[in-house]
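Peer 1: What follows is a single structure, and I will ask about it in a moment.
The values are calculated or read from the model by the stated rules, or taken from the named source; none is laboratory data. Quick caveat: nothing in here was measured; it's all calculated off a predicted structure. Using ideal geometry, Cβ is built from the backbone for each residue, glycine included, and neighbour counts are taken over all protein chains shown.
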Amino acid sequence: MKKILEELKDARTIGIVGHIRPDGDCIGSCMALSLYLKHNLPKDRTIDVYLEPIPSKFLLWEEAAFVKQTNDNHIIYDYFIALDAGSKDRLGFAESYFNEAKIKVNIDHHISNTGFGDINLIIDKASSTSEVLFDLFDENKIDTEVAKALYLGLIHDTGVFKHSNTTEKTMNIAGKLIAKGISFSKMIDETFYQKSYIQNRILGRTLIESILVLDGKCIVSSLSKDILSLYEAAPADLDGIIDQLRITKGVEVAVLLYETRDQEFKVSLRANGDVNVSKIAVLFGGGGHVKAAGCTMKGSASDIINQLTNLINEQLEINK
Ligand code: 5GP
Ligand code: MN
């Protein structure tokens, strides 16, 4: 595994990309790898990070200001590394750099990862891409800034160490990162639990409009474009809502839809029990993990809900 980092020592130009609508693990892993390389490779190397706009709560490093948000830079990278992206279409505007790069690297932890790199490191047992990176790094060379980035990834993909992807190893890594002197309480409050007024209002609206189906085993809620604009809510304001739906007593699967354009919805799926939601998301061109997955679907909200609940019901019947 460590060989990948050895190879990077000889690269002159390295590009790093996360996935569209970047979350805590995506941003954490991109910042961690770029800072680790910048702090440990000779200064003449080009190390660029490409990400869609980073929500302000995740702007925890001065270097985040240098993250590139356009692909008008004409450069063919020696190495281009995709982090936390289950498939190539998740790379967004920076996909062209990936396609043109001399060596394409794909580092991830999604069970549905399509293996789209020349070098693929997919550890589906890892809680997060940040956990995969920790194993690649030399522990002694992880400084506070890198530790902060890896810790951000761990807390966001594990729901602050509560999801079933949290392992003894995850906790051991978290302990080692804390020992580097990061302000973890502040980070957890400010990036995970704190909600803006807009976020609280759209959360309330989503919960009040939710419906229970399949004998109370499935909860569904959907947000139209009109509702999102009524509350002035952006997609990033919906983070965490699916988890609130999921913890409803008796629920095995939670489904959240929000309209991205006319008759097109982003779908989030979460499972408590034995339903494999990644299988369902993959059917619609999406992916994710066994208990947390997503996809984009076209059609009316009611048609999409029908299709999804039929598939969820099939699995519930089989598991009976
Ligand atoms: P979320 O519901 O939070 O958007 O995503 C849950 C999980 O599913 C994440 O790990 C995310 O990477 C994955 N995921 C969500 N949407 C998509 C998608 O459209 N395609 C793929 N391949 N994975 C997705
Ligand atoms: Mn992740």
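Listed here are the residues, each with its yes/no results for (1) without any contact (Cβ under 8 Å) to a residue 40 or more places away in the chain; (2) within 16 Å of ligand 2 (Cβ to nearest atom); (3) not assigned by TED's automatic domain parsing to the domain that holds residue 112.
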site: 219; (1), (2), (3): yes, no, yes
site: 230; (1), (2), (3): yes, no, yes
site: 237; (1), (2), (3): no, no, yes
site: 247; (1), (2), (3): yes, no, yes
site: 281; (1), (2), (3): no, yes, yes
site: 284; (1), (2), (3): yes, no, yes
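Peer 1: A further question on this structure: With the checklist (1) within 16 Å of ligand 1 (Cβ to nearest atom); (2) among the β-branched types (Val, Ile, Thr); (3) not in a helix (DSSP H, G or I) in hand, flag the one item residue 242 doesn't pass.
Peer 2: Only one criterion in (1) within 16 Å of ligand 1 (Cβ to nearest atom); (2) among the β-branched types (Val, Ile, Thr); (3) not in a helix (DSSP H, G or I) is unmet by residue 242, namely (3).
Peer 1: Also, quick follow-up: Restricting the range 281-307 to residues that are polar (S, T, N, Q) and more than 10 Å from ligand 1 (Cβ to nearest atom), which is surrounded by the fewest Cβ atoms within 10 Å (Cβ to Cβ)?
Peer 2: 302
Peer 1: Moving on. So, in the range 288-313, of the ones that are in contact with a Cys (Cβ under 9 Å, 6 or more places away or on another chain) and at pLDDT 95 or above, which residue ends up farthest from ligand 2 (Cβ to nearest atom)?
Peer 2: 313
Peer 1: Looking only at the range 172-186, filter to residues that are under 21 Å from residue 123 (Cβ atoms) and either surrounded by fewer than 14 Cβ atoms within 10 Å (Cβ to Cβ) or not assigned by TED's automatic domain parsing to the domain that holds residue 56 (or both); which one of those is nearest to ligand 2 (Cβ to nearest atom)?
Peer 2: In this case the residue turns out to be 172.
Peer 1: So, one more: I need a count of the residues in the range 14-56 that are within 14 Å of ligand 2 (Cβ to nearest atom), farther than 17 Å from residue 95 by Cβ and within 13 Å of the chain's Cα centre (by Cα).
Peer 2: 6
Peer 1: Now, a different point. Among the numbered conditions (1) more than 12 Å from ligand 1 (Cβ to nearest atom); (2) surrounded by 15 or more Cβ atoms within 10 Å (Cβ to Cβ); (3) aliphatic (A, V, I, L, M), tell me where residue 83 comes up short.
Peer 2: Failing condition for residue 83: (1).
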